[in-house]
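Visitor: I have a structure I would like to understand better, so I am pasting it below and will then ask my questions one at a time.
The values are calculated or read from the model by the stated rules, or taken from the named source; none is laboratory data. On a predicted model such as this, the values are computed, not experimentally measured, just so you know. Cβ: placed from backbone, ideal geometry, glycine included. Neighbour counts: every protein chain shown. In case anyone asks, the SASA skips ligands and DNA or RNA and just uses the protein heavy atoms, side chains included. Shrake-Rupley method; radii C 1.70, N 1.55, O 1.52, S 1.80 Å.
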Amino acid sequence: MACERFLADLERPDLEFRAENADFVIGIIEMTLVHQKGESMDGTPLKGKPFLLQSWEKFIVYSVLGFYYKGTNERKYKEAFIFIPRKNGKTSFVGGLAYGIAILQRRSGSSVYIVAAAMKQAQQSFDFILKNIRQMGEAENFRILDSFVEHSLETTFRDRDGREAGSMRIEALAANPEAQDSFNCNVCIADEIQAMKKASQYNRFKEAMKAYTNKLMIGITTAGDNENSFCYHRLQYALKVVNGTVKDDTLFVFIARAEQDDKGDVDYLDPIQHQKANPSYGVTIRPKEMMNDARQAQNDPVQRKDFLSRSLNIYTAAVKAYFNIEEFRRSDRQYNWTLEELAKLKITWYGGSDLSKLHDLTAGALYGTLYGYKRQDGEMVDVDIIIPHCWFPITEAARKADEDNIPLFGWKDDGWLDMSNMATTNPDEIVNWYVKMRNAGFRIKQVGHDRKFAKEYWLGMKGAGFNIVDQPQYYYLKSDGFRHIETKAKNGELYYCHAEPFEYCVQNVSAVEKTDDMIKYEKIGGQDANYRIDVFDAAVFACIRKQQDMEKSQKAKSWWGE
């Protein structure tokens, strides 16, 4: 997809491709830098050998530095997302790229940051540059600070007449937004962003470039195991950009990972998948060792999880989560009704609302069952359908999205969330959503919620003519809805309209088995944690209403002998 995008850009009338700057940076890297450690595939030491870029690395350099808006000196790409597995040589590549671009843009007074969640990670690329400068015998021409206080190097360039012709500064930093401010740079390379816990660790440096036209923010990373992290949400956005779903001219995307089938599974014993995921396959990645690791992963589930994320670049759900999110996705992918189509089906709908106390995520959901549906595989099934919606006060949205890694603005763009123009969630907005759904054709029989949290909402729903049922949050009552949703997902009979907020909350559910098959669930990390399960809770409330209403109907029929 990245290559197709490159070829399409070559044909765009508003863009032109200039190779000279990319040629310059590649030349600087290959003609001045050498390997500092490692061995070739045959065991020959690489230390001291020229650092020659591979094809995929050159492709990235030409992409980010080659495209300009026609008739200007403004580059197209201002940001890059590079997603590759471990041991593909990205640390040295990051160092070489930072060094080459710093020299390229010296006349603008290059200021380059290499940042990571931990200083040790950022320092690896910095050390690669520093060792090369010393090996070249150029250390005396740089002001070098390399201590526990600071890791930086800088120099001033001069022309043949001794006049100043630019400058460059490269500094390694640990991303700590609480302790850092007043940054100013034209290039920043953020390494291993999957380890960054907050979006602000990345965005703080992105904001530091506003004074430059040809700025460049590069995020380079490997997959992790937290699908609610900033990195995972960034990956999802990058996928939309590279496949054309979202148009973003400023973001270059390079993603290397194994291929997943329709069920989300990976044939991790297939060497073709190893090669797809690793652009340095056969160079820094040894095929025999990769296959040996794959066989060990087959026999050891613990190693399998690490192999998928670290070697094949596949995000894996956190172990602490109760659900396997891929089971939910596998089920959801089998159906594709729109809201307009669902409104026309003969389904009785039940609502559930999980209301925030003040200024947090509020969720509502409709839950219904389509009986006797013939699936594409020929099976006749009863499909349970969840239609979620969310609300969040706009005054708190930016802070919470950053602090808690909730993609609120993405949900808003996709139509799953409304932002209240108040300091707290407006109960009338939730009532209005149910009214809108009812007017669209959804036959809503009952709505359940815990009314102690929002009396205004309860009165509003009553006034709108809804049958409101009090839904206390006792675990032995919620267990039935939990188990029913779990069973439907495992059987491939659950559809939640591809809603990302529902997936997000499902991944945050932690649960403990009780006696008599009861289950007690809460969010991962307990009540004080920053995770959210509100959308899942709303679906459980709605499911309980459906289950209990069906039980009452069955009892009524038995009383009348039907």
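Visitor: At a 1.4 Å probe, what is the % contribution of carbon and sulfur to the accessible area of the chain? Intermediate results must be reported in sequence, preceding the final value.
Guide: On the way: 12840 of 26330 Å².
Solvent-exposed carbon and sulfur of the chain make up 49 percent of the total.
Visitor: Restricting to DSSP loop positions (anything but H, G, I, E, B) with no more than 14 other Cβ atoms inside 10 Å of their own Cβ, which chymotrypsin sites (Phe, Trp or Tyr not before Pro) remain in region 435-479? Before the final figure, lay out the partial values.
Guide: Values: sites: Phe442, Phe453, Tyr457, Trp458, Phe466, Tyr474, Tyr475, Tyr476; in loops: Phe442, Phe466, Tyr474.
Here the sparse-neighbourhood loop sites are Tyr474.
Visitor: With θ set to phi - 60° and the Karplus curve 6.51 cos²θ - 1.76 cosθ + 1.60, what are the ³J(HN,Hα) couplings of region 54-62 in order, to the nearest whole Hz, using x for Gly and Pro?
Guide: 7, 4, 5, 6, 5, 4, 5, 4, 5
Visitor: Show the residues, 5+ positions off or on another chain, whose built amide H is closer than 5 Å to the amide H of Ser510.
Guide: Result for Ser510 returns Tyr322, Glu522, Lys523, Ile524.
Visitor: Okay, moving on. Can you find, among Gln124, Val246, Leu269, the residue sitting farthest towards the positive end of the charge dipole of the chain, where Lys and Arg contribute +1 and Asp and Glu -1 at Cβ?
Guide: Val246
Visitor: Have a look at Phe392, Thr369, Ala297 and report the one farthest towards the positive end of the charge dipole of region 295-403, computed about the Cα centre with Cβ charges (Lys/Arg +1, Asp/Glu -1).
Guide: Positive-most Cα among the choices belongs to Ala297.
Visitor: Turning to a different aspect of this structure: Which value in deg cm²/dmol, rounded to the nearest 500, describes the helix-derived mean residue ellipticity at 222 nm for the chain, given -39,500 (n - 2.57) per DSSP H run of n ≥ 4 and division by the residue count?
Guide: Values: 19 runs with 215 residues, N = 562.
That comes out to -11500 deg cm²/dmol.
Visitor: With a 1.4 Å probe and all protein chains left in place, how much accessible area per residue does the chain have, in Å²?
Guide: I get 47 Å² per residue for the chain.
Visitor: Can I ask one more? Could you pull out every residue, at least 5 positions away or on a different chain, whose amide H is within less than 5 Å of the one on Thr425? Hs are placed 1.01 Å off N in the peptide plane, and Pro or chain starts have none.
Guide: Those qualifying (amide H under 5 Å, at least 5 residues apart or on another chain) are Asp360.
Visitor: Which three lengths, in whole Å and largest first, does region 98-204 cover when its Cα atoms are put on their principal axes?
Guide: Principal-axis extents of the Cα atoms in region 98-204, largest first: 49, 26, 21 Å.
Visitor: How high is the relative contact order of region 195-306, in percent, counting Cα pairs under 8 Å that sit 6 or more residues apart?
Guide: 14
Visitor: For the chain, count the residues as N, evaluate 2.2 N^0.38 Å, and divide the Cα radius of gyration by that value, please.
Guide: Cα-based Rg divided by the globular estimate yields 1.12.
Visitor: Report the extension gain between Glu138 and Asn176 in nm, rounded to one decimal, defined as 0.36 nm multiplied by the number of residues separating them, less their alpha carbon distance.
Guide: Full-extension gain reported as 10.5 nm.
Visitor: Using alpha carbons only, how many angstrom separate the centre of region 179-222 from the centre of region 239-271?
Guide: Cα centroid to Cα centroid, the span is 23 Å.
Visitor: Which ³J(HN,Hα) values, rounded to whole Hz and listed in residue order, are derived for region 90-98 from phi using the Karplus coefficients 6.51, -1.76 and 1.60 in 6.51 cos²θ - 1.76 cosθ + 1.60 with θ = phi - 60°, glycine and proline given as x?
Guide: Each residue of region 90-98 in turn: 6, 5, 5, 4, 4, x, x, 5, 4 Hz.
Visitor: Taking the Cα centre as origin and putting +1 on Lys and Arg beta-carbons and -1 on Asp and Glu beta-carbons, what dipole magnitude results for region 108-246, to the nearest 20 debye?
Guide: 360
Visitor: If the viscosity is 0.692 mPa s and the temperature 37 °C, what Stokes-Einstein diffusion coefficient in µm²/s follows for region 209-284 when Rh is the Kirkwood radius over Cα pairs?
Guide: 221
Visitor: On a 28 Å Cα-Cα criterion, which of the cross-link pairs Lys131/Lys288; Lys344/Lys520; Lys49/Lys198; Lys70/Lys197; Lys344/Lys488 come out too long?
Guide: On the way: Lys131/Lys288 32 Å; Lys344/Lys520 36 Å; Lys49/Lys198 39 Å; Lys70/Lys197 39 Å; Lys344/Lys488 23 Å.
Flagged as over cut-off: Lys131/Lys288; Lys344/Lys520; Lys49/Lys198; Lys70/Lys197.
Visitor: List, in the order given, every pair from Lys206/Lys276; Lys523/Lys546; Lys412/Lys523; Lys78/Lys400 whose Cα-Cα distance in the structure shown is over 28 Å.
Guide: Details: Lys206/Lys276 30 Å; Lys523/Lys546 24 Å; Lys412/Lys523 23 Å; Lys78/Lys400 26 Å.
The answer is Lys206/Lys276.
Visitor: In straight Cα distance, which aspartates and glutamates are under 19 Å from Lys552, not counting same-chain residues fewer than 8 positions off?
Guide: Asp470, Asp480, Glu562
Visitor: Points 7 angstrom from Cα along the Cβ direction at Ser147 and Asp428: gap in nanometres?
Guide: Spacing of the two 7 Å Cα→Cβ label points: 6.3 nm.
Visitor: Using alpha carbon centroids, what distance separates region 9-71 and region 296-359, in Å?
Guide: About 39 Å separates the Cα centre of region 9-71 from the one of region 296-359.
Visitor: For the chain, what is the charge dipole size about the Cα centre, in debye to the nearest 20, if Lys and Arg each add +1 at the Cβ and Asp and Glu each add -1 at the Cβ?
Guide: Details: 75 positive and 80 negative charges, 42 e Å.
Value, rounded to 20: 200 debye.
Visitor: Further, regarding this structure: List the residues whose amide H sits under 5 Å from the amide H of Leu15, counting only those 5 or more places along or on another chain, with H placed 1.01 Å from N in the peptide plane.
Guide: For Leu15, the qualifying residues are Lys70.
Visitor: Another question about this same structure. Please give the residues of region 400-428, grouped as numeric ranges, whose backbone N is less than 20 Å from a label point set 7 Å along the Cα-to-Cβ vector of Lys455.
Guide: 424-428
Visitor: Mind ordering 113-123, 291-301 by average Cβ neighbours within 10 Å, highest first? Mind dumping the intermediate values first?
Guide: On the way: 113-123: 21.1, 291-301: 13.8.
By packing density, highest mean first, the sequence is 113-123, 291-301.
Visitor: Evaluate the relative contact order of the chain (contact order divided by residue number), counting alpha-carbon pairs under 8 angstrom at least 6 apart; express in whole percent. Show your work: numbers first, answer last.
Guide: Values: 1056 pairs, mean separation 71.6, N = 562.
Dividing the mean separation by the residue count of the chain yields 13 percent.
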